[in-house]
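The block underneath contains the structure these notes are about, expressed in structure tokens.
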Amino acid sequence: MNQPVPRLKIENAIKHFGQTIALDGVDLELMPGEIHAIIGENGAGKSTLMKALSGAHKLDTGKMWLDGQSYKPLSPHDGRSSGVSMIYQELSLAQHLSVKENILLGVEPNYRGLINWPKVKRQANQALEGVGRPDINLDLPVMELSNAEQQLVEIARSLATGCKVLVLDEPTSSLTQSDTQKLFSMMRTLKKQGVSILYISHFLEEVKEVCDNFTVLRDGVSVGNGSVAETSTDEIVSMMVGRDVKQMYPKSKHDVDEVVLTVRSLQGEHRKPEEVSFELHRGEVLGIAGVVGAGRTEMLRAIFSLDEIKKGDVKVAGFIGHASPSARWLHGVGMVSEDRKFEGLATGLSIADNIVMSSMKNLGPLGFITRRGLLKASKPWIEKIPIKCADAFAAVDSLSGGNQQKVAIARLLHADVDVMLLDEPTRGIDVGSKAAIYEMIDQLACGKYDGDGRKRAVLIVSSYLPELLGICDRIAVMCRGQLGPAKPISECNELQIMREATGTGDKTGDNS
Ligand SMILES: Nc1ncnc2c1ncn2[C@@H]1O[C@H](COP(=O)(O)OP(=O)(O)OP(=O)(O)O)[C@@H](O)[C@H]1O
């Protein structure tokens, strides 16, 4: 009997960036209509492999075949024309163009240079039917669509050019739960049509739900593969990190002390947040749950004085009222922004520069900053978190996405603040490093982090409920700009939080 021909085969893929070995011999096989997860720690080589596949990077060595034919894409355009499309986390749509123009951009049917608009419309509509959303208005500028709809338009664009292999790079990181479910059902539809999907995600529960098979990468090598149904999550995690992760959510007893942050009837200048009141105690981890767009980020920004306040007040370190963000640092408040690229990091600078940026004490003699001082200050964080990099002076933008996020967290830890405002701090971070960060948060709250016994207060916004339920002492839910009461963790569960987040739950309680 003839062996079925794989849709995609990769053999011994190798790729270096200078001294860094990003891929060190990866093998992968993908069948038609298969949904295959690519899993691995931050910096394991997932994005590099996918970029080589899509034509954005050229492999140093290794071979690829598409439907049995040798495949060597010269550019993403070349890859797309051969049937391989990659959907990045940051979508690449032309925001001012309409849905139909985006779907057929660059491949518009034309007659002697004149675009055949009725045909554009027909083909765009067909592509939207393929992703199960023929109701999306073809004439609407893309910027008027929600995040999830824009993602579908981008996938529809891949289908319009005859996509055989669709690569989705952490597609659910900014989707709501219900949009995630819709994406999964669209993936199942594409699977039935024979489209093969490579799915990169750090959420193993998603991998379990939607994928058929998986490949684990570690340090640029494929270290394991198999059927998702026949492999337990623990087995996959140990393949990823090369050891057992015993306790994902360590939780010591947190005895809370005095109130360190008081927020009263806070309203932002631009509608969100609308009404926020709570108290945060030293030694406490307070979680803020809510759906995308509820106003959680705006709340943190208003507290940290990045955005104007219309009404209400923030009291921290005995100071009441609005202050500049730099004054907030002086008050002992620090923030990790969810917008890593534009706010969280200076991507053109080195890892060491970024880590010390918010606190430049003791970096050399007589107030000078020396290379030695920078190294001494940054190295412990690089080792502790850990950040995978060539060295402390490597540019932040040469790091993988998850490792960049870890640099943003290291900057806050280095600044040694009392009140930590964390906005989606573990987005894009692998399971093993998440466990390390949860342990740090736990130790920071109970004063065991750096041996001086000083307890910190942590306010954490997250869309990942298991993490909030795992590490917080109390959780408050934000719904349409209004923050509900903070409830002790013993009274919280996923269902109750989702009800409150969507405005259908109980709002009784007290925020002090
Ligand atoms: N353009 C580049 N220049 C230098 N080094 C790079 C470049 N792109 C990737 N690397 C390095 O290659 C390695 C693999 O990175 P890659 O982005 O593929 O990891 P990843 O598995 O996708 O990680 P994450 O889960 O954090 O997204 C990392 O050590 C990274 O720093």
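Computed values, structure above
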read-out	value
Strands (runs of 3 or more DSSP E) within region 178-269 that include 2 or more residues in the same structural domain as residue 43 (by the TED database) and over 30 Å from residue 296 (Cβ atoms)	196-200, 213-218, 221-227
Search result, residues across region 227-286 that are surrounded by 14 or more Cβ atoms within 10 Å (Cβ to Cβ), in contact (Cβ under 8 Å) with a residue 40 or more places away in the chain and small (Gly, Ala, Ser)	268, 277, 283
Subset of region 96-114 (residues that are surrounded by 13 or more Cβ atoms within 10 Å (Cβ to Cβ) and not polar (S, T, N, Q))	97, 99, 100, 101, 103, 104, 105, 107, 108, 109
Count - residues of region 102-132 that are of a type in the set (S, T, N, Q) and out of contact with any Leu (no Cβ under 7 Å at 6 or more places or on another chain)	3
Residue within region 183-190 that is touching a Leu at 6+ places or on another chain (Cβ under 9 Å), over 30 Å from residue 22 (Cα atoms) and not charged (D, E, K, R) present	yes
Among the residues listed as 313, 307, the single one being part of a loop (DSSP other than H, G, I, E, B), more than 16 Å from the ligand (Cβ to nearest atom) and touching a strand residue (DSSP E or B) at 6+ places or on another chain (Cβ under 8 Å)	307
Region 425-453 residues that are among the charged types (D, E, K, R), paired with ones that are not in a loop (DSSP other than H, G, I, E, B) (beta carbon under 7 Å, 6 or more apart)	427/405; 430/240; 430/402; 442/471
Tally, over region 146-175, of residues that are of a type outside the set (Gly, Ala, Ser), part of a loop (DSSP other than H, G, I, E, B) and within 22 Å of residue 109 (Cβ to Cβ)	3
Failed item in (1) more than 17 Å from the chain's Cα centre (by Cα); (2) outside the structural domain of residue 303 (by the TED database); (3) away from the ligand (no atom under 16 Å from the Cβ), with residue 328 passing the rest	(2)
Residue check for residue 361: out of contact with any helix residue (DSSP H, G or I) (no Cβ under 8 Å at 6 or more places or on another chain), outside any helix (DSSP H, G or I) and not hydrophobic (A, V, I, L, M, F, W, C)	yes
Single residue of region 39-73 satisfying the filter (under 28 Å from residue 232 (Cα atoms) and in contact with a Ser or Thr (Cβ under 6 Å, 6 or more places away or on another chain)) that is surrounded by the most Cβ atoms within 10 Å (Cβ to Cβ)	43
Residue ID - farthest from the ligand (Cβ to nearest atom), chosen from residues in region 221-242 that are under 24 Å from the mean Cα position of the chain (by Cα) and over 18 Å from residue 45 (Cβ atoms)	232
Single match in 309, 351, 303 (criterion: assigned by the TED database to the domain that holds residue 274 and crowded, with 20+ Cβ neighbours inside 10 Å)	303
Where a residue in region 17-37 is within 12 Å of residue 220 (Cβ to Cβ) and crowded, with 23+ Cβ neighbours inside 10 Å and its partner, wherever it lies, is of a type in the set (Ser, Thr, Tyr) and modelled with pLDDT under 90, with Cβ under 8 Å and at least six apart	none
Boolean, residue 69 is modelled with pLDDT of 90 or more, of a type outside the set (Phe, Trp, Tyr) and either under 26 Å from the mean Cα position of the chain (by Cα) or assigned by the TED database to the domain that holds residue 433 (or both)	no
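Conditions tested, residue by residue: (1) of a type in the set (A, V, I, L, M, F, W, C); (2) surrounded by fewer than 22 Cβ atoms within 10 Å (Cβ to Cβ); (3) away from the ligand (no atom under 16 Å from the Cβ).
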residue: 145; (1), (2), (3): yes, yes, yes
residue: 158; (1), (2), (3): no, no, yes
residue: 172; (1), (2), (3): no, no, no
residue: 179; (1), (2), (3): no, yes, yes
residue: 186; (1), (2), (3): yes, yes, yes
residue: 199; (1), (2), (3): no, no, no
residue: 216; (1), (2), (3): yes, no, no
residue: 219; (1), (2), (3): no, yes, no
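The values are calculated or read from the model by the stated rules, or taken from the named source; none is laboratory data. Just so it is clear, the structure is predicted and the values come from calculations on it, not from any experiment. Virtual Cβ from ideal backbone geometry, glycine too; neighbours counted across all protein chains shown.
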